[in-house]
Amino acid sequence: MSAIYILWLRELKRYVRSRAQIAASLGQPLLYLLALGFGLGPVFQKAGQGSYFQFVAPGVVSMTILFSSVFSGIAMLWDRQFGFLKETLVAPVPRIQIMIGRTVGGATVAVIQGLLVFVVAIIAGFRPHHWVSFFPALLFMMLIAIVFAALGTAFGSIVQDMQGFQLIMNFMVLPIFFLSGALFPLENLPKALVIITRIDPLTYGVDAMRGALISNIQFGFSVDTIVLCLIGTAFLTAGAYLFSRIQL
Amino acid sequence: MSAIRVENLEKTFGDLTAVNKISFQVEKGEIFAFLGPNGAGKTTTIKMLTTLLNPTSGKIELDGLDPTIHRNEARQRFGIVFQDPSLDAEQTAYENMELHGVLYKVPHKLRVQRTEQLLKLFELWERRNDYVKTFSGGMKRRLEIARGFLHTPKILFLDEPTLGLDPQTRNQLWTHVKSVNESENTTVFLTTHYMDEADRVAHRIAIIDHGAIVAMGTPQELKQQTNSESLEQAFLALTGSTIRDESATSQDQLRRFAQMWRK
C-alpha cells in the first residue's frame, strides 16, 4: 500500500509544482468553452435547443479529464526510456502496485484539472440545475478519469517514441473526444455516426455528466454507470497486463 | 556462495545475438568490472541481471536466488545506477531518497538515519531540499549512487556511472564507492569505458566483445596475458581497434530530444 501511496503522491506533487503546465493545459479547454460556447450559442438557440454554453460546459469538463488522464499515462514515455520508470521497475514491488499508483495518480490530477475548468465555466455563467448535483457529477468525473487513465497506462506501456505518441493523440484521443457528443447532441445523427458514438466510452461519461448537471440525459444513469465501470475494468486489466510486460 | 553466478546466459533479439552464452562468477565483496566496446552486450547483461529483461536461455543467481523466478526477493538484494539518469527531477534530493526507501520497504527510522548518513557521505546534505533538476551531472550521479546504497543492497550494479563527468568528480565518486564497498562489504558490478578507472578500482575484470567474454582476470593478469603496459592496451589487444557503430534507436532519438528540453 505504501508503494501505491508514494507513487500517487509523486504524480500529485509533479502536477502542483508545474504551474506553467497547469496554465498551459487549461488553454485548450477554455478555448473550446468560451469560443464554441458563446460562438455557436446563437445558432443553437435558433435551432430551438436552448443555451449552447449550458450544453457544452459538461462536455468540455469531460474533455479536460480525457486529455489530462490519457496524457498522464502516455507521459510514461519520458519516464520509460531514460527516466524514473526504471527505478520503479527494479524496485521489489509488484508491478500491479506501481501501475495502480501511477494510474490513480494520473486520474486524480485529471479530476483536479476538470474541477478547474468547471470553476471557470461557473464564473463564465454556467449554472447547474441543482447545486447538489455537483456531487454525482464529481463521481462521474472520477469514473471518466479512471477509465482513461487506465487507457493511458495501456498506451504508455506500448508506445516507444514521439511518433507513436502523435499517432495515439490523433487517431485515438481526438476521435474519442470529437465523437463523444461532447460538442453536439446525439439526436438525429446520421446512421454511421450513431454507431460510432455508441462505441465511444466517453459518450457515456458526457451523457452522465450532462444528466447530473443539466438534467439532459440520453441513456440513463444506470446504463452510463454500468458501461463506464465495465470499460474501466477492461482498460485497467489491459493496462495492468501491458504494464507487467514492459521490458526495457 | 558467490554474489553473482551466471551460466550460459544468452539473449537474442530476432536473429541478433546480443549476449552469447556467457558464464562468470563474482565473489562477495568483490568489485568486478565488465568492459567492452559499444554494443558488446554490457548493458543487455546488466538488464538481465536486474530483472529488466528476460534471458533467452541460461541461468542467473544473485545471492543464491534466481531473479527470473524470485523477482522481488532478488530486487531487494541489489541496487542499480543506470547509464541514463533515473531520478525524478521534479522532486528534491531528499524526496527521491524517501521514495526509494518506501519502495524498498526500509523502516522509517532507518530510512531517515541512512538518508542523512549517505547524503552527507556523498556531499549532498546541504542541497537535500533542492529540486534534482537544479543539480549538475555530477551531483545527480552522486545522488543516484547514494540512493542505490540506501536499502543496504548486497550487490550494487553501476552501468557507466562516470560517463560525461569531469576527472575530479569521477575520482571522488570511486572513492565513495570503494569506501562503502569496504565498510558494508557490498559487491560491486560495474561497466565503464574508462580503462584507468577499472584498473584502479576493480579487483577483477571481464572483457566482453560481440556478446562473448574474451578474457577475465585481475587487471595485472590481463596486462601480463597481452604483454601490455596499460589496461587500455590490453583492452585494444583483446578487442581489436575497429570502431563499432551502433545504429541510432528510437531511444537515442528520445535521449537527444530530452536533452534539448532538459538542458
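The values are calculated or read from the model by the stated rules, or taken from the named source; none is laboratory data. Fair warning: this is a prediction, and the values are worked out from it, not measured in the lab. Counting neighbours? That spans all protein chains shown, and the Cβs are built from the backbone with ideal geometry, glycine included.
Scan the range A:47-62 residue by residue and report those that are farther than 19 Å from residue A:31 by Cβ and at pLDDT 95 or above.
Of everything in the range A:47-62, nothing turns out to be farther than 19 Å from residue A:31 by Cβ and at pLDDT 95 or above.
Of (1) in contact (Cβ under 8 Å) with a residue 40 or more places away in the chain; (2) among the acidic types (Asp, Glu); (3) away from chain B (no Cβ under 14 Å), residue A:161 satisfies all except one. Which?
So the condition that residue A:161 fails would be (3).
Please give the number of the condition residue B:18 fails out of (1) within 14 Å of chain A (Cβ to nearest Cβ); (2) surrounded by 23 or more Cβ atoms within 10 Å (Cβ to Cβ); (3) touching a strand residue (DSSP E or B) at 6+ places or on another chain (Cβ under 6 Å).
(2)
Out of all the residues in the range A:17-53, which are surrounded by 12 or more Cβ atoms within 10 Å (Cβ to Cβ), within 14 Å of another protein chain (Cβ to nearest Cβ) and in a helix (DSSP H, G or I)?
Within the range A:17-53, A:17, A:22 meet the criteria.
For the range B:24-69, name all the residues that are small (Gly, Ala, Ser), touching a Leu at 6+ places or on another chain (Cβ under 7 Å) and over 19 Å from residue B:219 (Cα atoms).
B:58
Taking into account only those residues within the range B:81-97 that are part of a helix (DSSP H, G or I) and more than 8 Å from chain A (Cβ to nearest Cβ), which is farthest from residue B:131 (Cα to Cα)?
Checking each candidate, the answer is B:97.
Kindly provide the set of residues from the range B:25-48 that are more than 14 Å from chain A (Cβ to nearest Cβ), among the charged types (D, E, K, R) and under 12 Å from the mean Cα position of the chain (by Cα), ordered by number.
Hit for the range B:25-48 is B:42, nothing else.
Of the residues that sit in the range B:39-67 and are in contact with a Pro (Cβ under 9 Å, 6 or more places away or on another chain) and β-branched (Val, Ile, Thr), which one is farthest from residue B:77 (Cα to Cα)?
B:60
Quick one: in the range B:49-80, which of the residues that are more than 10 Å from chain A (Cβ to nearest Cβ) and aliphatic (A, V, I, L, M) is surrounded by the fewest Cβ atoms within 10 Å (Cβ to Cβ)?
Ranking the qualifying residues of the range B:49-80, first place goes to B:69.
Have a look at A:117, A:104, A:70 and point out the one that is away from chain B (no Cβ under 14 Å) and in contact with a Pro (Cβ under 9 Å, 6 or more places away or on another chain).
A:117
Please go through the range A:194-245 and give me each residue that is in contact with a Leu (Cβ under 7 Å, 6 or more places away or on another chain) and outside any helix (DSSP H, G or I), ordered by number.
A:200, A:218 - these are the residues of the range A:194-245 that are in contact with a Leu (Cβ under 7 Å, 6 or more places away or on another chain) and outside any helix (DSSP H, G or I).
For the range A:164-192, give me each residue that is within 14 Å of another protein chain (Cβ to nearest Cβ) and either among the aromatic types (Phe, Trp, Tyr) or out of contact with any helix residue (DSSP H, G or I) (no Cβ under 9 Å at 6 or more places or on another chain) (or both).
Of everything in the range A:164-192, those that are within 14 Å of another protein chain (Cβ to nearest Cβ) and either among the aromatic types (Phe, Trp, Tyr) or out of contact with any helix residue (DSSP H, G or I) (no Cβ under 9 Å at 6 or more places or on another chain) (or both) turn out to be A:165, A:166, A:167.
From the list A:196, A:217, A:226, which residue is in contact (Cβ under 8 Å) with a residue 12 or more places away in the chain, out of contact with any Ser or Thr (no Cβ under 6 Å at 6 or more places or on another chain), on the phi < 0 side of the Ramachandran plot and of a type in the set (A, V, I, L, M, F, W, C)?
None of the others qualify; the one that does is A:196.
Filter the range B:109-134 down to residues that are in a loop (DSSP other than H, G, I, E, B), more than 14 Å from chain A (Cβ to nearest Cβ) and surrounded by fewer than 20 Cβ atoms within 10 Å (Cβ to Cβ), then give me how many there are.
2
Residue B:39: in contact (Cβ under 8 Å) with a residue 24 or more places away in the chain, at negative phi and either touching a Lys or Arg at 6+ places or on another chain (Cβ under 7 Å) or assigned to a loop (DSSP other than H, G, I, E, B) (or both), yes or no?
Judged against the criteria, residue B:39 is not a match.
Counting only residues that are more than 8 Å from every other protein chain (Cβ to nearest Cβ) and part of a helix (DSSP H, G or I), which one in the range A:73-84 is nearest to residue A:171 (Cα to Cα)?
Looking at residues that are more than 8 Å from every other protein chain (Cβ to nearest Cβ) and part of a helix (DSSP H, G or I), I get A:74.
Run residue B:106 past the list (1) of a type in the set (A, V, I, L, M); (2) more than 9 Å from every other protein chain (Cβ to nearest Cβ); (3) touching a strand residue (DSSP E or B) at 6+ places or on another chain (Cβ under 9 Å) and report the number of the one that doesn't hold.
(3)
Is it the case, given these coordinates, that residue B:18 is small (Gly, Ala, Ser) and in contact (Cβ under 8 Å) with a residue 60 or more places away in the chain?
For residue B:18, the condition - small (Gly, Ala, Ser) and in contact (Cβ under 8 Å) with a residue 60 or more places away in the chain - is met.
Does residue B:139 satisfy being within 13 Å of chain A (Cβ to nearest Cβ), on the phi < 0 side of the Ramachandran plot and either assigned to a helix (DSSP H, G or I) or among the hydroxyl-bearing types (Ser, Thr, Tyr) (or both)?
Taking the combined requirement at face value, the residue does not satisfy it.
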